[in-house]
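Heads up, the thing below is written out as structure tokens.
The values are calculated or read from the model by the stated rules, or taken from the named source; none is laboratory data. Computed from a prediction, not measured in an experiment: that's the story for all the values here. Don't worry about glycine lacking a Cβ; one is built from the backbone with ideal geometry, like all the others, and counts go over all protein chains shown. Note: areas computed on protein heavy atoms with side chains; ligands, DNA, RNA excluded. Shrake-Rupley method; radii C 1.70, N 1.55, O 1.52, S 1.80 Å.
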Amino acid sequence: EIYSARDLRVGLFTSTAYARSAREIPLIRLKTYRILERAGFSPDGHEGKALAHIIETLPRDELFQYTDDDLYRISLGVLGLHNQERTAVFLRQSPFSHFVTALVYIPTDAYTSDLRTRIQRTMEDAFEGCVSQWQVEMGSLPYARVYFIITPKGDADHAAPRPSVDIAALETTLQTLSLQWSARLEQALIARLDPGLATTLVGKSRDVFPLTYQDHY
């Protein structure tokens with residue numbers, strides 16, 4: 001059973017396509033095989049199994065819409081997070097510029113609902129739109145994954161062109177937001193003071209400021 005490009009443009013997938021394992025859906029199964037082959041991973045090897053698991057657990061709507069290039073870029077990027085501890089963002093632009101989807105991976109110990117809200121506002125500002133849907137998933141990776149759909153403000157049929165966004169700069173901003181308050185204080189001290197004095201103050205101030213103060217400042 002093979003789906004053509006025309007099949008994907010007409011109609012909607014049934015609920016079965018969302019409930020079944022990705023490995024049981026021919027379109028996604030074929031995509032997965034192509035990505036594994038492109039990456040040079042054996043389906044039976046450790047990296048191949050890890051990559052296949054990442055692909056299978058991506059949002060189902062995104063799996064249907066991703067091109068092979070999208071899926072290769074995003075799945076390999078997520079696999080690279082296994083050996084890192086940082087916030088990362090992966091984007092997909094809809095073909096007609098009606099919306100942008102974003103997968104934001106945040107280290108589990110840094111994730112809070114307040115951080116999710118601040119990241120959402122940052123994404124809305126960057127793309128000059130509104131988050132119409134979001135979903136949080138805590139999976140087997142040591143990351144929380146937040147799935148955002150960002151739509152243009154106003155009438156989508158007459159929306160202004162999507163602003164050009166520096167993805168690397170956006171990711172750096174999200175990484176800064178994801179740092180704990182004490183870590184941001186440490187960065188600020190090191191950036192502004194003599195290194196010796198900064199180190200001394202970091203040691204003295206690590207547990208000094210109460211949470212209420214951190215929330216306000």
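Quick look at the numbers
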{"read-out": "Test: residue in the stretch 127-141 that is free of Cβ contacts under 8 Å to residues at least 12 places away in the same chain and assigned to a helix (DSSP H, G or I)", "value": "no"}
{"read-out": "Top-ranked residue of the stretch 52-88 - restricted to ones that are touching a residue at least 24 places away in the same chain (Cβ under 8 Å) and among the hydroxyl-bearing types (S, T, Y), ranked as farthest from Q175 (Cα to Cα)", "value": "Y66"}
{"read-out": "Candidates S42, S15 - the one that is over 19 Å from R92 (Cα atoms), of a type in the set (S, T, N, Q), open to solvent by 10 Å² or more (accessible area, probe 1.4 Å) and at pLDDT 90 or above", "value": "S42"}
{"read-out": "Condition met for Q133 (open to solvent by 60 Å² or more (accessible area, probe 1.4 Å) and in contact with a strand residue (DSSP E or B) (Cβ under 6 Å, 6 or more places away or on another chain))", "value": "yes"}
{"read-out": "Of all residues in the stretch 170-184 being assigned to a helix (DSSP H, G or I) and at pLDDT below 85, the one that is most open to solvent (accessible area, probe 1.4 Å)", "value": "R184"}
{"read-out": "Residue among L8, L30 that alone is at pLDDT 90 or above and surrounded by 12 or more Cβ atoms within 10 Å (Cβ to Cβ)", "value": "L30"}
{"read-out": "From L197, L189, residue being modelled with pLDDT of 80 or more and surrounded by 14 or more Cβ atoms within 10 Å (Cβ to Cβ)", "value": "L189"}
{"read-out": "Residue ID - surrounded by the fewest Cβ atoms within 10 Å (Cβ to Cβ), chosen from residues in the stretch 74-116 that are in a loop (DSSP other than H, G, I, E, B) and of a type in the set (A, V, I, L, M, F, W, C)", "value": "F96"}
